[in-house]
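Q: Have a look at this one before I ask anything.
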Amino acid sequence: MFAHLTLRVMGAGGFGVLGWRLGGIVSKMSSDEERFLPWGLALTLAGVPVGAFLAPYLTIKPWRKSTDYINSIPAPTLAAGTLGLLVGLIIASLISIPLFTLDGWLGWAVPVIVSLSMGIAGLWVGAHRARDLQAIFPALQSNSEVPRTSRNGNILVDTSAIIDGRIADLSITGFLEGSFVVPRFILDELRHIADSNDPLRRARGRRGLEVLGRLRKDDTVSMEVLDVGVPEGEEVDSRLVSLARSMKSPILTTDYNLNRVAELQGVQVLNVNELANALKSIVLPGEEIRVN
């Protein structure tokens, strides 16, 4: 709250100063410098509320979106992209040495364009050839990112699957291969459910937390909590589907609506209910069944 207020005050001040300066420019363009004060005051008064309103949208929201995007990128890919960027800039600096001798504005414009082009190209090549670079430079492989570099891939876990509880039993059987990835916003949603005033919702939320505790203590299960939040105004399910698309990972859920939405966007879904229905025993006509 304090950060939002501080940014709004700074935005109001910055846009107010900008309005004052624009007032001077407008008065000079109109060849009537005596009207500088009215123009300056009018544009300053207009800039203050505009700056206060736009400050969070120009700072906090872009920062959160960029942070969530960076957190969704596997660490080896990020390291490989950074390495490619550095190599591209080094090559650009070598190429730019003779280009500084060009006449006029070309002497600085061309080297800047070359540096930008080579940096972007190096970043793109490094990020898309991360696996090959990991084989050449083993240091790019991060042991702390086992779930993201797991041979069997990742499985994003939805709140409904955690509350359902059968995920703990399935993980023991070995039917679900890979590492469970629980985004932080899923944990936040689960915590809100556990703190609910409704006794039934509270019991379901606490059951989900207990299931996560069992998975965390089981040495045979690989589980990671991914530090990714939900941008303001975006629903948890939408964020989960977007994250699954960026990580190219399936979603484990029991939510029918999430299942359909994810499939429409090309995301693989592992539905526990569909697995349970598929495992029901088939009864043939005329077969006797003994019910105890």
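Every number here is computed from the coordinates shown, using simple stated rules; none is lab data. If you're wondering where the values come from, they're calculated on a predicted model, not measured in any experiment. In this analysis, Cβ positions are derived from the backbone assuming ideal geometry, glycine residues included, and neighbour counts consider all displayed protein chains.
Q: What spacing in nm lies between the two simple spin-label points modelled at Asp169 and Leu209, each 7 Å away from Cα in the Cβ direction?
A: 2.4 nm
Q: Let me ask something additional. Would you please give the residues with an amide H less than 5 Å from that of Glu224, counting only those at least 5 places away or on a separate chain, with H modeled from the backbone geometry?
A: Phe180, Val181, Val182
Q: How big is the Rg/Rh ratio for the range 154-278, C-alpha atoms only, Rh by Kirkwood, two decimals? Don't skip to the end; give the middle numbers.
A: Working: Rg = 13.7 Å, Rh = 14.6 Å.
With Rg and the Kirkwood Rh in hand, the quotient comes to 0.94.
Q: If you plug each phi of the range 81-87 into the Karplus form 6.51 cos²θ - 1.76 cosθ + 1.60 with θ = phi - 60°, what whole-Hz ³J(HN,Hα) values come out, in order, with x for Gly and Pro?
A: Each residue of the range 81-87 in turn: x, 5, 4, x, 4, 5, 5 Hz.
Q: Springs between alpha-carbon atoms under 10 Å, Gaussian network over the chain: tell me which of Asn197, Asn154, Asn271 tops the mean-square fluctuations.
A: Sorting by GNM fluctuation, first place goes to Asn197.
Q: What three numbers, in Å, describe the spread of the alpha carbons of the chain along their principal axes, ordered from the longest?
A: 101, 54, 37
Q: Relative contact order for the chain using alpha-carbon pairs under 8 Å, separation at least 6, rounded to a whole percent?
A: Values: 381 pairs, mean separation 41.1, N = 292.
It comes to 14 percent, rounded to a whole number.
Q: May I ask you to evaluate 6.51 cos²θ - 1.76 cosθ + 1.60, the Karplus curve with θ = phi - 60°, for each residue of the range 40-56 and list the ³J(HN,Hα) values in order in whole Hz, giving x for glycine and proline?
A: x, 5, 5, 6, 5, 5, 6, x, 4, x, 5, x, 5, 6, 7, 3, x
Q: Could you check which residue among Val182, Val50, Val269 shows the biggest mean-square fluctuation in a GNM of the chain with a 10 Å Cα cutoff?
A: Val50
Q: Which one, Val225, Val114, Val272, has the greatest fluctuation when you compute a Gaussian network model over the chain with C-alpha springs under 10 angstrom?
A: Most flexible of the set in this elastic network: Val114.
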